[in-house]
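Colleague: Pasting a structure here, questions to come.
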Amino acid sequence: MKLITLGMVSLLAAGAVGMACASPVNLIQNGDFSQTTTGASTPTQFGTGSLNGYTATQFITGWTGNDGYEIWYPSATAATTVNATGEWTSTGQEKVWGPISAIPNGATTFVGLDGDQTPGVQSSIGQTLDMLVPGTKYTVSFDWAAGQLQSRTGITTSNILVSFGDLQQSTDTVTNPSGGFTGWMSASFTFVADNSSAFLNFLSVGTPNGLPPMAFLTNVSVTRDVPEPPVLAMFGGGLLGLGLLAMLARRRETRRRDADGNSVNC
(Lines give C-alpha, C1' and ligand atoms only; values in the text may rest on other atoms or scores of the structure.)
Protein backbone atom coordinates (compact mmCIF):
# COMPACT_ATOMS: atom_id res chain seq x y z
CA MET A 1 0.00 0.00 0.00
CA LYS A 2 2.77 2.42 0.92
CA LEU A 3 4.69 1.97 -2.31
CA ILE A 4 1.60 2.29 -4.48
CA THR A 5 0.37 5.45 -2.77
CA LEU A 6 3.74 7.19 -2.79
CA GLY A 7 4.17 6.21 -6.43
CA MET A 8 0.89 7.83 -7.33
CA VAL A 9 1.88 11.00 -5.45
CA SER A 10 5.23 11.17 -7.25
CA LEU A 11 3.63 10.62 -10.65
CA LEU A 12 0.93 13.27 -10.19
CA ALA A 13 3.39 15.71 -8.68
CA ALA A 14 5.64 15.35 -11.70
CA GLY A 15 2.64 15.90 -13.99
CA ALA A 16 1.57 19.03 -12.11
CA VAL A 17 5.08 20.47 -12.21
CA GLY A 18 5.24 19.71 -15.94
CA MET A 19 1.98 21.57 -16.52
CA ALA A 20 3.11 24.52 -14.40
CA CYS A 21 6.30 24.78 -16.46
CA ALA A 22 4.61 24.25 -19.84
CA SER A 23 5.59 26.65 -22.62
CA PRO A 24 3.15 29.57 -23.03
CA VAL A 25 0.85 29.39 -26.04
CA ASN A 26 1.44 32.10 -28.67
CA LEU A 27 -1.87 33.60 -29.80
CA ILE A 28 -0.39 35.62 -32.68
CA GLN A 29 -0.53 34.46 -36.28
CA ASN A 30 2.54 35.12 -38.43
CA GLY A 31 4.41 37.08 -35.77
CA ASP A 32 7.57 37.42 -37.88
CA PHE A 33 5.64 38.57 -40.98
CA SER A 34 7.19 35.80 -43.08
CA GLN A 35 3.86 34.64 -44.59
CA THR A 36 2.36 36.67 -47.42
CA THR A 37 -0.63 36.11 -49.68
CA THR A 38 1.08 37.40 -52.82
CA GLY A 39 4.47 35.71 -52.63
CA ALA A 40 6.18 39.11 -52.46
CA SER A 41 9.97 38.86 -52.68
CA THR A 42 11.10 42.51 -52.64
CA PRO A 43 10.37 45.42 -50.26
CA THR A 44 6.74 46.39 -50.85
CA GLN A 45 4.30 48.83 -49.30
CA PHE A 46 1.22 47.25 -47.68
CA GLY A 47 -1.96 48.56 -46.05
CA THR A 48 -4.51 50.88 -47.65
CA GLY A 49 -2.38 53.86 -48.71
CA SER A 50 -3.00 55.19 -52.21
CA LEU A 51 -0.81 57.99 -53.56
CA ASN A 52 1.14 58.74 -56.72
CA GLY A 53 -0.65 56.08 -58.74
CA TYR A 54 0.09 53.23 -56.29
CA THR A 55 -2.58 51.41 -54.27
CA ALA A 56 -1.32 49.31 -51.38
CA THR A 57 -2.89 45.97 -50.44
CA GLN A 58 -3.16 43.88 -47.27
CA PHE A 59 -0.87 41.02 -48.27
CA ILE A 60 0.76 40.12 -44.93
CA THR A 61 -1.10 37.05 -43.66
CA GLY A 62 -3.09 37.73 -40.51
CA TRP A 63 -2.21 41.43 -40.31
CA THR A 64 -3.86 44.72 -41.27
CA GLY A 65 -1.97 47.91 -42.14
CA ASN A 66 -3.52 51.38 -42.07
CA ASP A 67 -3.46 54.13 -44.73
CA GLY A 68 0.07 55.29 -43.87
CA TYR A 69 3.43 54.46 -45.37
CA GLU A 70 4.34 50.97 -44.18
CA ILE A 71 6.74 48.61 -45.92
CA TRP A 72 7.27 44.84 -45.75
CA TYR A 73 10.91 43.71 -45.98
CA PRO A 74 11.97 40.16 -46.96
CA SER A 75 15.47 40.59 -45.48
CA ALA A 76 17.88 43.12 -44.01
CA THR A 77 19.95 43.01 -47.19
CA ALA A 78 16.96 43.79 -49.40
CA ALA A 79 15.90 46.59 -47.06
CA THR A 80 19.18 48.45 -47.59
CA THR A 81 19.76 47.69 -51.28
CA VAL A 82 16.37 47.42 -53.07
CA ASN A 83 14.12 50.41 -53.75
CA ALA A 84 10.74 49.67 -52.14
CA THR A 85 7.69 49.41 -54.38
CA GLY A 86 5.04 51.82 -53.17
CA GLU A 87 3.76 55.39 -53.17
CA TRP A 88 7.25 56.90 -53.26
CA THR A 89 9.11 54.49 -55.56
CA SER A 90 9.88 57.41 -57.86
CA THR A 91 12.47 58.81 -55.42
CA GLY A 92 14.72 55.84 -56.16
CA GLN A 93 15.87 56.00 -52.54
CA GLU A 94 13.17 54.12 -50.65
CA LYS A 95 15.82 52.01 -48.96
CA VAL A 96 16.87 51.84 -45.31
CA TRP A 97 20.15 53.35 -44.18
CA GLY A 98 22.37 50.50 -43.02
CA PRO A 99 23.95 48.43 -41.92
CA ILE A 100 21.05 46.63 -40.24
CA SER A 101 22.21 44.38 -37.41
CA ALA A 102 21.22 40.72 -37.27
CA ILE A 103 17.54 40.26 -36.50
CA PRO A 104 16.98 38.45 -33.17
CA ASN A 105 15.60 34.93 -32.79
CA GLY A 106 16.49 33.86 -36.31
CA ALA A 107 13.91 36.05 -38.05
CA THR A 108 14.63 37.43 -41.51
CA THR A 109 11.46 39.34 -42.39
CA PHE A 110 10.16 42.51 -40.74
CA VAL A 111 8.03 45.59 -41.37
CA GLY A 112 8.90 49.28 -41.42
CA LEU A 113 6.38 51.80 -40.07
CA ASP A 114 6.69 55.52 -40.84
CA GLY A 115 6.42 57.56 -37.63
CA ASP A 116 5.73 60.89 -39.35
CA GLN A 117 2.53 61.90 -37.53
CA THR A 118 0.92 63.47 -40.59
CA PRO A 119 -2.46 61.80 -41.38
CA GLY A 120 -2.08 59.46 -44.32
CA VAL A 121 1.62 58.96 -43.52
CA GLN A 122 1.80 57.69 -39.93
CA SER A 123 1.81 53.90 -40.00
CA SER A 124 0.44 51.06 -37.94
CA ILE A 125 -0.10 47.32 -38.20
CA GLY A 126 -2.50 45.21 -36.18
CA GLN A 127 -4.22 41.87 -35.66
CA THR A 128 -7.46 40.83 -33.94
CA LEU A 129 -7.08 38.45 -30.99
CA ASP A 130 -10.06 36.21 -30.23
CA MET A 131 -10.97 33.75 -27.45
CA LEU A 132 -9.36 35.87 -24.73
CA VAL A 133 -10.31 35.28 -21.10
CA PRO A 134 -11.43 38.52 -19.40
CA GLY A 135 -9.40 39.24 -16.28
CA THR A 136 -6.45 37.20 -17.54
CA LYS A 137 -2.97 38.68 -18.05
CA TYR A 138 -1.48 38.54 -21.55
CA THR A 139 2.13 39.35 -22.39
CA VAL A 140 2.88 41.15 -25.67
CA SER A 141 6.52 40.74 -26.73
CA PHE A 142 8.35 41.92 -29.85
CA ASP A 143 11.65 43.09 -31.29
CA TRP A 144 11.93 46.57 -32.75
CA ALA A 145 14.42 49.11 -34.02
CA ALA A 146 14.52 52.68 -35.33
CA GLY A 147 16.06 53.94 -38.56
CA GLN A 148 15.52 56.11 -41.58
CA LEU A 149 14.99 55.83 -45.33
CA GLN A 150 17.79 56.93 -47.64
CA SER A 151 15.49 59.54 -49.21
CA ARG A 152 15.93 61.66 -46.06
CA THR A 153 18.59 62.72 -43.57
CA GLY A 154 18.43 64.31 -40.13
CA ILE A 155 18.20 63.27 -36.47
CA THR A 156 14.93 61.52 -35.62
CA THR A 157 13.18 60.04 -32.59
CA SER A 158 10.97 56.95 -32.55
CA ASN A 159 8.78 54.90 -30.27
CA ILE A 160 6.03 52.33 -30.76
CA LEU A 161 2.63 52.75 -29.11
CA VAL A 162 1.09 49.33 -28.42
CA SER A 163 -2.70 49.06 -28.09
CA PHE A 164 -4.44 46.00 -26.67
CA GLY A 165 -8.09 46.85 -27.22
CA ASP A 166 -8.58 50.11 -25.27
CA LEU A 167 -5.38 49.64 -23.24
CA GLN A 168 -2.11 51.26 -24.32
CA GLN A 169 1.57 51.11 -23.42
CA SER A 170 4.59 52.58 -25.18
CA THR A 171 8.22 51.68 -25.69
CA ASP A 172 10.85 54.14 -24.60
CA THR A 173 11.57 56.90 -27.12
CA VAL A 174 14.94 56.46 -28.80
CA THR A 175 17.01 58.98 -30.77
CA ASN A 176 18.45 57.89 -34.09
CA PRO A 177 21.32 59.83 -35.72
CA SER A 178 20.97 61.03 -39.29
CA GLY A 179 21.24 58.03 -41.62
CA GLY A 180 21.58 55.71 -38.63
CA PHE A 181 20.10 52.48 -37.32
CA THR A 182 19.64 51.90 -33.59
CA GLY A 183 20.01 48.14 -33.56
CA TRP A 184 17.29 45.76 -32.45
CA MET A 185 15.66 46.08 -29.04
CA SER A 186 13.31 43.70 -27.21
CA ALA A 187 10.14 44.92 -25.52
CA SER A 188 7.49 43.20 -23.43
CA PHE A 189 4.23 44.54 -21.97
CA THR A 190 1.53 42.89 -19.86
CA PHE A 191 -2.15 43.66 -20.41
CA VAL A 192 -5.23 42.37 -18.56
CA ALA A 193 -7.95 41.45 -21.03
CA ASP A 194 -11.27 43.20 -20.42
CA ASN A 195 -13.09 41.44 -23.24
CA SER A 196 -13.08 38.15 -25.12
CA SER A 197 -11.44 39.81 -28.12
CA ALA A 198 -9.07 42.73 -28.67
CA PHE A 199 -7.37 44.44 -31.58
CA LEU A 200 -3.61 44.44 -31.04
CA ASN A 201 -2.08 47.44 -32.80
CA PHE A 202 1.46 48.81 -33.21
CA LEU A 203 1.58 52.53 -34.08
CA SER A 204 4.86 54.17 -35.07
CA VAL A 205 5.34 57.56 -33.37
CA GLY A 206 8.27 59.71 -34.51
CA THR A 207 9.67 63.19 -34.86
CA PRO A 208 10.16 65.40 -36.73
CA ASN A 209 7.63 65.12 -39.52
CA GLY A 210 9.00 64.84 -43.02
CA LEU A 211 12.34 63.09 -42.47
CA PRO A 212 10.87 60.30 -42.03
CA PRO A 213 11.42 58.52 -38.69
CA MET A 214 10.95 54.77 -39.23
CA ALA A 215 10.27 52.06 -36.66
CA PHE A 216 10.94 48.42 -37.60
CA LEU A 217 9.06 45.50 -36.05
CA THR A 218 9.28 41.69 -35.97
CA ASN A 219 8.96 38.62 -33.71
CA VAL A 220 5.59 39.60 -32.24
CA SER A 221 4.06 37.21 -29.74
CA VAL A 222 1.12 37.27 -27.32
CA THR A 223 1.13 34.65 -24.59
CA ARG A 224 -0.58 33.66 -21.39
CA ASP A 225 0.90 31.13 -19.00
CA VAL A 226 -0.73 27.69 -18.82
CA PRO A 227 -2.35 26.19 -16.91
CA GLU A 228 -4.46 28.86 -15.27
CA PRO A 229 -4.17 29.25 -11.44
CA PRO A 230 -7.51 27.44 -10.73
CA VAL A 231 -6.20 24.37 -12.55
CA LEU A 232 -3.00 24.39 -10.53
CA ALA A 233 -5.06 24.83 -7.36
CA MET A 234 -7.05 21.68 -8.17
CA PHE A 235 -3.86 19.75 -8.79
CA GLY A 236 -2.41 21.09 -5.57
CA GLY A 237 -5.49 20.02 -3.62
CA GLY A 238 -5.38 16.58 -5.17
CA LEU A 239 -1.71 16.17 -4.34
CA LEU A 240 -2.36 17.25 -0.76
CA GLY A 241 -5.11 14.64 -0.46
CA LEU A 242 -2.87 11.92 -1.83
CA GLY A 243 -0.13 13.01 0.55
CA LEU A 244 -2.51 12.60 3.47
CA LEU A 245 -3.48 9.14 2.22
CA ALA A 246 0.18 8.19 2.07
CA MET A 247 0.71 9.40 5.64
CA LEU A 248 -2.29 7.42 6.89
CA ALA A 249 -1.01 4.34 5.10
CA ARG A 250 2.36 4.68 6.84
CA ARG A 251 0.63 5.03 10.22
CA ARG A 252 -1.46 1.90 9.61
CA GLU A 253 1.66 -0.01 8.66
CA THR A 254 3.43 1.18 11.82
CA ARG A 255 0.51 0.05 14.00
CA ARG A 256 0.53 -3.37 12.35
CA ARG A 257 4.25 -3.72 13.01
CA ASP A 258 3.69 -2.78 16.65
CA ALA A 259 0.85 -5.30 16.97
CA ASP A 260 2.62 -8.23 15.28
CA GLY A 261 6.15 -7.42 16.31
CA ASN A 262 7.20 -8.00 12.71
CA SER A 263 7.36 -6.04 9.48
CA VAL A 264 4.31 -6.67 7.30
CA ASN A 265 4.54 -6.47 3.53
CA CYS A 266 1.56 -4.84 1.77
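The values are calculated or read from the model by the stated rules, or taken from the named source; none is laboratory data. Keep in mind it's a predicted model, so treat the numbers as computed, not measured. Glycine also receives a Cβ, built like all others from the backbone with ideal geometry; neighbour counts cover every protein chain displayed. Side chains are part of the model used for accessible areas, which takes the heavy atoms of the whole protein and leaves out ligands, DNA and RNA. Shrake-Rupley method; radii C 1.70, N 1.55, O 1.52, S 1.80 Å.
Colleague: Looking at the range 70-228, what % of the alpha carbon pairs are farther apart than 28 Å?
Modeller: Counting every Cα pair in the range 70-228, those more than 28 Å apart make up 22 percent.
Colleague: Any idea how far the Cα center of the range 162-176 sits from the one of the range 86-143, in Å?
Modeller: 12
Colleague: Here's another thing I want to ask about it. Evaluate E = 1/(1 + (r/R0)^6) for Met185 and Thr55, where r is the Cβ-Cβ distance and R0 equals 45 Å; express this FRET efficiency to the nearest 0.05.
Modeller: According to the calculation, E is roughly 0.85.
Colleague: How big is the range 57-98 by the Kirkwood estimate over distinct Cα pairs, in Å?
Modeller: 11.3
Colleague: Which percent of Cα pairs goes in each bin when the distances of the range 82-134 are cut into 10 angstrom slices starting at zero?
Modeller: Histogramming the range 82-134 at 10 Å steps yields 16, 36, 32, 12, 4 percent.
Colleague: What number comes out for accessible area per residue over the range 30-141 if the probe is 1.4 Å? Units Å², please.
Modeller: Result: 42 Å² per residue.
Colleague: Hey, can you rank 146-159, 67-80, 183-196 by average C-beta count inside 10 Å, highest first?
Modeller: With the highest mean Cβ count within 10 Å placed first, the list reads 67-80, 146-159, 183-196.
Colleague: Note down the nm distance, to one decimal, between modelled labels 7 Å out along Cα→Cβ at Asn209 and at Thr48.
Modeller: 2.1
Colleague: So if R0 is 25 Å, what FRET efficiency would Val192 and Asp172 give, r being the distance between their Cβ atoms, rounded to the nearest 0.05?
Modeller: Efficiency, rounded to the nearest 0.05: 0.70.
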